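Worksheet for the structure shown next.
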């Protein structure tokens with residue numbers, strides 16, 4: 001194609017493994033599905049005016065079912081990512097980010113970059129300090145929503161997994177001060193996740209626009225590209 | 001497993017104790033126009049309410065006959081007497097009402113004949129005479145702020161706090177009747193000016209909570225009957241509520257549950273949907289968060305209950321329900337936080353933060369587009 005020409009040397013490599021990319025997108029789709037179905041469960045925005053002639057209309061039950069299906073999909077993805085972070089060999093670059101996490105100088109430089117006054121700092125791992133703490137908080141919110149979600153689940157489904165989780169559900173209920181508060185925390189954690197996701201999408205787009213190294217593509221193809229001598 | 005032999009043994013033990021009624025229960029019932037058949041019918045209902053097999057009906061009958069051996073002392077603290085109303089004020093002198101009058105109810109402010117100093121004396125004597133044997137039922141929360149001075153009872157101006165502690169010390173079993181004595185109730189609602197708490201917070205003994213505003217007479221009588229029947233406290237859940245009554249949510253056994261699963265909801269009171277008997281979730285029913293057996297036992301001799309009458313459950317048997325379940329006629333998604341500066345729902349706070357973030361992002365993106373970040 002005519003607009004293509006040699007633009008210097010790029011280093012390339014797999015940044016995100018297939019498993020990593022799958023868990024990211026399963027998590028992403030689940031979050032959107034869970035927010036939509038969750039708002040319905042909180043306040044059913046689709047209702048019928050007339051009773052069903054035959055008792056085979058299960059709108060709430062169906063939406064709740066999808067909420068549970070996506071909920072367990074998200075739990076799986078979150079658990080996979082947690083184990084990945086702590087134990088997978090290829091996650092060593094993620095783990096190295098901890099070295100920068102407490103470095104105030106790097107953090108201030110990162111803020112400076114976003115305020116357009118300083119250059120992007122060189123980081124030891126894949127996450128800069130702001131990113132690292134944002135993701136750490138995201139996982140606090142994830143586990144918060146999972147724990148409260150499983151407690152709510154066990155109160156509706158008393159057999160099988162729900163039955164096994166029942167003592168755990170009662171424990172969560174005692175801590176929160178009743179099932180109403182469990183639901184409230186579930187709802188608050190949802191909002192916190194929405195806010196993190198919103199900013200995350202902006203940051204990803206921002207880096208794609210100004211990074212000019214196909215950064216956004218990495219979460220689809222797994223490939224990361226960086227110009228020689230410009231590694232962050 | 002439930003052991004009929006064990007229960008029979010327990011009743012035999014109780015039979016040996018002196019009763020206070022002048023004549024056996026069977027005679028009293030007959031004099032009041034109740035046949036033996038009525039009595040056994042009640043016993044069967046009670047056995048089922050307690051989650052016992054029908055074979056226990058005769059045993060329940062026996063337990064009721066010896067129940068005058070177990071004295072009950074009923075304290076009124078910060079409360080409205082609604083729980084006593086639930087227990088006593090029914091449209092006809094029901095058989096359970098009658099039996100409750102004839103169990104050894106040693107002290108009960110509102111329904112005892114004695115008054116003034118005489119009532120005080122009855123109380124002191126009962127506590128002394130039945131030391132270690134009486135069942136203590138408490139109605140009402142315990143104000144604890146300023147040493148409990150917000151509630152004083154009787155001519156000596158004894159605080160409720162002192163009275164409940166003193167009486168609980170020698171009680172065989174303590175039953176908190178109603179949400180106030182279980183969890184503090186309305187006076188413990190935000191901002192709780194009197195520092196009201198449930199009984200279990202001020203005594204260091206196990207307390208059985210029978211919450212509800214009011215709890216149904218079945219749950220009160222059932223719990224007392226359980227203690228008499230088994231000589232021990234019933235199995236309880238995480239908030240010390242008897243499992244036989246509070247094991248399932250209102251929602252689990254609700255007669256409108258089909259409409260909930262079908263997505264058929266009442267949008268406003270008095271609408272066509274309401275007439276169709278749709279689910280009351282969107283007009284504030286808190287059944288999904290509330291553990292109680294109202295949907296099975298109902299109130300006033302199984303006549304009706306709020307959801308049947310067309311208003312959602314307000315969650316009155318849950319701790320802290322005045323705060324945690326509000327607003328009562330809207331779903332919990334519209335719950336308001338109590339805060340110093342403002343009341344706002346989670347959704348409003350979330351949308352506000354999201355809007356601020358959105359504006360900030362737009363500004364940041366615009367500035368970045370003009371003045372690119374440093375490479």
TODO: Find the residue count for the stretch B:304-357, including only residues that are part of a loop (DSSP other than H, G, I, E, B), surrounded by 15 or more Cβ atoms within 10 Å (Cβ to Cβ) and at pLDDT below 90.
DONE: 8
Task: Output for the stretch B:268-278, where each listed residue is within 11 Å of chain A (Cβ to nearest Cβ) and more than 12 Å from residue A:50 (Cα to Cα) - done: none
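Of all residues in the stretch B:286-300, count the ones that are touching a strand residue (DSSP E or B) at 6+ places or on another chain (Cβ under 7 Å) and within 9 Å of chain A (Cβ to nearest Cβ). Even if it seems obvious, please write down each step before you answer.
Step one: of the stretch B:286-300, the residues touching a strand residue (DSSP E or B) at 6+ places or on another chain (Cβ under 7 Å) are B:287-288, B:290-291, B:298.
Still in the running and within 9 Å of chain A (Cβ to nearest Cβ): B:288, B:290-291.
Here the count works out to 3.
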TODO: Look at residue B:360 and say whether it is facing chain A (nearest Cβ under 10 Å), surrounded by fewer than 22 Cβ atoms within 10 Å (Cβ to Cβ) and either in contact with a strand residue (DSSP E or B) (Cβ under 8 Å, 6 or more places away or on another chain) or in a strand (DSSP E or B) (or both).
DONE: no
- [ ] Output the residues belonging to the stretch A:204-232 that are part of a helix (DSSP H, G or I) and in contact (Cβ under 8 Å) with a residue 60 or more places away in the chain.
- [x] A:218, A:219, A:220
Task: Yes/no for residue A:212 being more than 8 Å from every other protein chain (Cβ to nearest Cβ) and more than 21 Å from residue A:91 (Cα to Cα) - done: yes
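Within the stretch A:172-202, count every residue that is more than 9 Å from chain B (Cβ to nearest Cβ) and either closer than 30 Å to residue A:7 by Cα or touching a strand residue (DSSP E or B) at 6+ places or on another chain (Cβ under 6 Å) (or both).
Going through the stretch A:172-202 one residue at a time, the tally reaches 2.
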- [ ] Report, by residue number, each residue of the stretch B:241-259 that is in contact with a strand residue (DSSP E or B) (Cβ under 8 Å, 6 or more places away or on another chain) and surrounded by fewer than 19 Cβ atoms within 10 Å (Cβ to Cβ).
- [x] B:243, B:247, B:248, B:257
Task: Filter pass, residue B:265 being over 16 Å from the mean Cα position of the chain (by Cα) and crowded, with 23+ Cβ neighbours inside 10 Å - done: yes
Task: Checking residue A:107 against (1) facing chain B (nearest Cβ under 10 Å); (2) in contact with a helix residue (DSSP H, G or I) (Cβ under 8 Å, 6 or more places away or on another chain), the condition it does not meet - done: (1)
Open item on the list: Going by what's in this entry, would residue A:136 be described as away from every other protein chain (no Cβ under 14 Å) and over 16 Å from the mean Cα position of the chain (by Cα)?
Closed with: no
TODO: Identify, by number, the condition in (1) within 10 Å of chain A (Cβ to nearest Cβ); (2) more than 19 Å from residue A:63 (Cβ to Cβ); (3) over 23 Å from the mean Cα position of the chain (by Cα) that residue B:283 doesn't meet.
DONE: (1)
TODO: With the condition kept exactly as written, say whether any residue in the stretch B:251-260 is at the interface with another protein chain (Cβ under 7 Å from one of its Cβ atoms) and part of a strand (DSSP E or B).
DONE: no
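Looking only at the stretch B:201-227, count every residue that is within 21 Å of residue B:297 (Cα to Cα) and not in a loop (DSSP other than H, G, I, E, B) and tell me the total.
So the answer is 14.
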Task: Condition check for residue B:142: under 22 Å from the mean Cα position of the chain (by Cα) and in a helix (DSSP H, G or I) - done: no
Open item on the list: Please count how many residues of the stretch B:228-238 are at pLDDT below 85 and either surrounded by 17 or more Cβ atoms within 10 Å (Cβ to Cβ) or part of a helix (DSSP H, G or I) (or both).
Closed with: 4
- [ ] Filter the stretch B:315-324 for residues that are closer than 17 Å to residue B:210 by Cα and either within 11 Å of another protein chain (Cβ to nearest Cβ) or out of contact with any helix residue (DSSP H, G or I) (no Cβ under 7 Å at 6 or more places or on another chain) (or both) and give the result.
- [x] B:315, B:317, B:318, B:319, B:320, B:321
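The values are calculated or read from the model by the stated rules, or taken from the named source; none is laboratory data. In this text, all values refer to a predicted model and were calculated from it rather than measured experimentally. All Cβ positions, glycine included, derive from the backbone under ideal geometry; neighbour counts span all protein chains shown.
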